[in-house]
2 protein chains.
Amino acid sequence: MNTTQPTPVRVAQFGLGPIGISCLNVLAKKSWVEVVGGIDIRPEILSQDLGQLTGDNSLNGIATYDSFEALCAEKEVNVILHTAGSSAAISLKQMEPMIDKGIVVISSCEELLFPAHRAPEETAVAHGKCQKSGARVLGTGVNPGFVLDVLPTCLSGICAEVYGVYGERVVDASTRRQPLQKKVGSGMSPEEFESLGREGKAGHAGFQETLLLVAHALGWDVGPIKDELFAIKAEEHIKTDHFEIEAGQTAGLHQIVSASTPEGKIIYLDLKMYQAAKDPHDLVRLDANPPVEALVKGGIAGDLATVAAMVNAIPRMLKTTPGVKLMTELSLPCCPDKIV
Amino acid sequence: MNTTQPTPVRVAQFGLGPIGISCLNVLAKKSWVEVVGGIDIRPEILSQDLGQLTGDNSLNGIATYDSFEALCAEKEVNVILHTAGSSAAISLKQMEPMIDKGIVVISSCEELLFPAHRAPEETAVAHGKCQKSGARVLGTGVNPGFVLDVLPTCLSGICAEVYGVYGERVVDASTRRQPLQKKVGSGMSPEEFESLGREGKAGHAGFQETLLLVAHALGWDVGPIKDELFAIKAEEHIKTDHFEIEAGQTAGLHQIVSASTPEGKIIYLDLKMYQAAKDPHDLVRLDANPPVEALVKGGIAGDLATVAAMVNAIPRMLKTTPGVKLMTELSLPCCPDKIV
């Protein structure tokens, strides 16, 4: 009998908002993880330890730090989970000291799903630095990161030829955290919300990146992305944990991104996230040979799925080669009870 | 503009039965593949070239050979697609010269999905030889290889914890090739078919391997596998392309494999393959946090899916490290139009 236990992976959490706290709660239950600390800049966070912040007694006494450097002065760390924004350029900037230290950084930053789209230069620089230091960087989550990109790509694996990728996701925003309820425009006037959309100031972060990750995996050279945002209006008064919305005000968003190749192959992704959504679900349809249509009943919603995607990526990231990685380059997603 | 074209991958087909021919038809349409030959031992096959065997004119003049060595004497080859049996031990024996040459071998051999189950010594030897020569070996397909193993594993990637994996697959055998229709017991007496099942001489090849691949990916130490085979009796007279079945005779198989961990985590996989099956579909349900239930409408049936899984694995196998590989160790399945 083998009685030697593998050394746990030392993980720290960068960003102690709702998603970061949820990461810590999941990490605390993994036998192969040792949580070594949390990082944030807010004084009211820094006055507490991770046990107080998470409510998980197993994290009592594990400290919070005001910077990555402060944590490194006291602790050895193998992996950072990064939950501190949607901008690829800003996130990569925050990650510079982590990359220089040669560690694994896994982020919920939506644009990092396909960082070359909005931060091509920063991505190339970070990739080069990773290859020198041994660091690895990944953006992942449930959307972007799984439902409309990883899942259709995976399903195409049993197709001899793919002509079109159609994805449809309906999320009941009232089941999600306050920032997401706000992000979908809850309570705004539809005109104002759609105007913000036209200015690129509203909408689902990472949606274009989802489309581009699929195109990249399939080897498709797609033309310009059409990105349309519409307000879904409340049909009646809606009250959630965080918002009260009058009939006619914005209850959520309807966003469609699409693009095609010169040969006429199409990627078309349709997302509805709104308060009190009816029939939440995820649907992936491949116009392919053989054709594939997969329905996820109820949809893979909930911020826990994003957190799980990040935590589950740890073992795969520890095994991959250095660089800024894409979800499609890592080994098959899974939820391992131990590292094999 | 980059006008250099990457060198195509030189692929040969080992085994020129129905699946092997279908592989060639798919390979012939891939711009990143150059088909260099076919290998079989049957004289009636060896008297024809691949154009004649496949009906695809683009393969005219590409020869058939009676051995891997005979092909290698004339052609350079990077990849062998192997469709010549279900036994891991026999397949690995056939692959010895390919492994010694350090090439990539992708097989439809069902037991190779998790070869350590039935051929642990042969697998260890082959793995060692691969690591010396640079060769890589993979078993894949649609079932085993995708629907009840790769797909549930992939879906677990967004779960914080998994307690049970349930898979259900219903296949209309009348849509499949003659050997599969025979394999499911078409026209046999139910008693005889179930008796063969108890002797291990009937049933779906690779089903236990599917369960073990999921357990391995999740890091679950499962106990003994329960493997039950039942005959599905024809309710009325059935006539297919290949069989006539009287009411009361065997129309197909119903097989269940299940196993659990000491902590009570369960994998339960239920397969029905029978003539004129009603409501063919694939269903994966993860008893997990968050829970996931995915339905593939109509099911991913058809031998083309197995062929596509093999062809699509080529780029990923060319990039991976040497050894006998598992589908869960490769990067995410996809159907690429080009190698990136």
#### Entry: Number of the exception - A:Ile339 against (1) under 29 Å from A:Phe14 (Cα atoms); (2) of a type outside the set (Asp, Glu); (3) away from chain B (no Cβ under 13 Å); (4) out of contact with any strand residue (DSSP E or B) (no Cβ under 7 Å at 6 or more places or on another chain)
(3)
### Query
Residues in segment B:273-292 that are out of contact with any Gly (no Cβ under 7 Å at 6 or more places or on another chain), charged (D, E, K, R) and under 20 Å from B:Asp149 (Cβ atoms): how many?
1
### Query
Before we move on, is A:Arg169 closer than 30 Å to A:Glu244 by Cα and at pLDDT below 95?
no
### Query
A:Glu161 is checked against (1) within 10 Å of chain B (Cβ to nearest Cβ); (2) buried (at least 21 other Cβ atoms within 10 Å of the Cβ) and fails just one. What number does that condition carry?
(2)
### Message
Quick test of your reading of the structure: B:Tyr166 fulfils all but one of (1) among the aromatic types (Phe, Trp, Tyr); (2) closer than 18 Å to B:Ala276 by Cβ; (3) within 14 Å of chain A (Cβ to nearest Cβ). Name the failing condition by number.
### Response
(2)
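Looking at the structure I just gave you, is A:Glu168 acidic (Asp, Glu) and assigned to a loop (DSSP other than H, G, I, E, B)? Explain how you work it out, then say what you get.
Working: acidic (Asp, Glu): yes; assigned to a loop (DSSP other than H, G, I, E, B): no.
No, not satisfied.
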### Summary
Reported set for segment A:110-164 where residues are under 17 Å from A:Pro333 (Cα atoms) and either modelled with pLDDT under 95 or hydroxyl-bearing (Ser, Thr, Tyr) (or both) is A:Thr140, A:Thr153, A:Ser156
### Query
When you go through B:Ser174, B:Ser195, B:Ser186 one by one, which is the residue that is out of contact with any Pro (no Cβ under 9 Å at 6 or more places or on another chain), more than 14 Å from every other protein chain (Cβ to nearest Cβ), of a type in the set (S, T, N, Q) and not in a helix (DSSP H, G or I)?
B:Ser186
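Across segment A:299-320, what is the total count of residues that are outside any helix (DSSP H, G or I), touching a strand residue (DSSP E or B) at 6+ places or on another chain (Cβ under 8 Å) and either facing another protein chain (nearest Cβ under 7 Å) or among the charged types (D, E, K, R) (or both)?
At the first step, the residues of segment A:299-320 found to be outside any helix (DSSP H, G or I) are A:299-302, A:320.
The next check asks that each one be touching a strand residue (DSSP E or B) at 6+ places or on another chain (Cβ under 8 Å); those that pass are A:299-301, A:320.
After this cut, where a residue has to be either facing another protein chain (nearest Cβ under 7 Å) or among the charged types (D, E, K, R) (or both) as well, the list is A:300.
So the answer is 1.
Before we move on, is B:Val104 in contact (Cβ under 8 Å) with a residue 40 or more places away in the chain, buried (at least 24 other Cβ atoms within 10 Å of the Cβ) and more than 11 Å from B:Gly139 (Cβ to Cβ)? Outline the logic, then answer.
Working: in contact (Cβ under 8 Å) with a residue 40 or more places away in the chain: yes; buried (at least 24 other Cβ atoms within 10 Å of the Cβ): yes; more than 11 Å from B:Gly139 (Cβ to Cβ): yes.
Yes: the conditions hold for B:Val104.
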### Query
How about segment A:125-158: which of its residues are in contact with a strand residue (DSSP E or B) (Cβ under 8 Å, 6 or more places away or on another chain), of a type outside the set (A, V, I, L, M), farther than 12 Å from A:Ile99 by Cβ and part of a helix (DSSP H, G or I)?
A:Pro152, A:Ser156
### Task
State the number of residues belonging to segment A:198-211 that are more than 19 Å from the chain's Cα centre (by Cα) and in a helix (DSSP H, G or I).
1
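The values are calculated or read from the model by the stated rules, or taken from the named source; none is laboratory data. Given the structure is predicted, the values throughout are model-derived calculations rather than measurements. Methodologically, a virtual Cβ is constructed for each residue, glycine included, from the backbone with ideal geometry; neighbour enumeration extends over all protein chains shown.
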